[in-house]
Amino acid sequence: RLGVPSIDICTVHLTWNAFYSPIEKIEEEARTFIENLHRDYPQCRILLVGPTTTASQDGLGINYGTSWNYYEKMEFAFRLDALYRAIAADYSFIHYAHAAGQFDAEYNYPTIERPVNARATQTETIQANGLHPTEQGYLQLADIYFRSLNAMLQNSN
């Protein structure tokens with residue numbers, strides 16, 4: 001529709017949004033997207049970027065209450081990472097970027113100040129979002145993309 005005859009590189013950041021879906025469905029949808037893209041643009045290479053890890057339990061709790069278990073979400077993030085890494089290994093035109101290993105989950109999520117307890121005047125800084133980074137977090141993701149795209153371009157000879 002845009003009149004672009006080809007796509008050289010497509011960046012795909014598969015993240016958390018399907019956390020209620022079975023892992024098999026996530027895999028099927030990811031492979032379908034990748035195969036359709038490659039069918040329509042056979043020369044296109046894909047930079048597949050994996051999920052970041054979640055913020056602390058505080059960050060999850062503020063957004064999602066007690067319905068989210070921190071351990072389960074971290075486990076899910078690593079399962080997704082392994083899945084996306086395995087998918088990338090199955091296709092010669094995909095370069096995988098391991099975002100979780102390059103993303104600062106301690107300092108790149110929003111924070112708030114709150115009293116350390118119900119009787120104290122002292123405050124503590126806690127994370128205030130479980131999955132959505134701050135602007136500096138998104139910039140760090142951009143750095144991951146940049147490094148990965150550079151590696152792809154340098155290895156394309």
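Where a number appears in this text, it was derived from the coordinates with a stated rule and is not lab data. The structure displayed is predicted, hence computed values, not measured ones. Heads up, the Cβs are rebuilt from the backbone with ideal geometry, glycines too, and the neighbour counts pull from every protein chain shown.
Counting Lys and Arg as +1 and Asp and Glu as -1, what is the net charge of the other residues whose Cβ lies under 15 Å from the Cβ of LEU80? Summing Lys and Arg as +1 and Asp and Glu as -1 gives -2. Between THR54, ASN155, THR111, the Cα set farthest toward the positive side of the dipole of the chain (charges on each charged residue's Cβ, about the Cα centre) is that of ASN155.
For the chain, averaging the sequence separation of C-alpha pairs within contact (under 8 Å, six or more residues apart) and dividing by the residue count gives a relative contact order of 25 percent.
Between ILE46 and CYS10, ILE94, HIS95, the built amide H atoms are under 5 Å apart, and every one of these is 5 or more places off in sequence or on another chain.
Per the Kirkwood formula on distinct C-alpha pairs, the Rh of the chain is how many angstrom? Over the chain, the inverse of the mean reciprocal pair distance is 17.4 Å. Under the membrane-span-like helix rule (DSSP H runs whose alpha carbons stretch at least 27 Å along the helix axis, mean Kyte-Doolittle hydropathy -1.0 or higher), the chain yields 70-89, 135-154. Using the Cβ-Cβ distance between HIS98 and CYS10 with R0 set to 22 Å, the FRET efficiency works out to roughly 0.75.
With a cut-off of 14 Å between beta carbons, the residues surrounding GLN140 carry a summed charge of -3, where Lys and Arg count +1 and Asp and Glu -1. Mean sequence separation of contacting Cα pairs (under 8 Å, at least six apart), scaled by the length of region 1-59, corresponds to a relative contact order of 57 percent. Do you know the relative contact order of region 83-157, to the nearest whole percent, from alpha carbon pairs under 8 angstrom that are 6+ apart? It comes to 28 percent, rounded to a whole number.
Our note on the geometry: Cα centres of region 88-104 and region 120-157, 15 Å apart.
Of all DSSP bridge pairs formed entirely within the chain, close to 35 percent run antiparallel.
Per-residue ellipticity at 222 nm from helix content only, as computed over the chain with -39500 (n - 2.57) for each DSSP H run of at least four residues, stands at -14000 deg cm²/dmol. Electrostatic bookkeeping for TYR96 treats Lys and Arg as +1 and Asp and Glu as -1; over the other residues with beta carbon under 10 Å from its beta carbon, the sum is 0.
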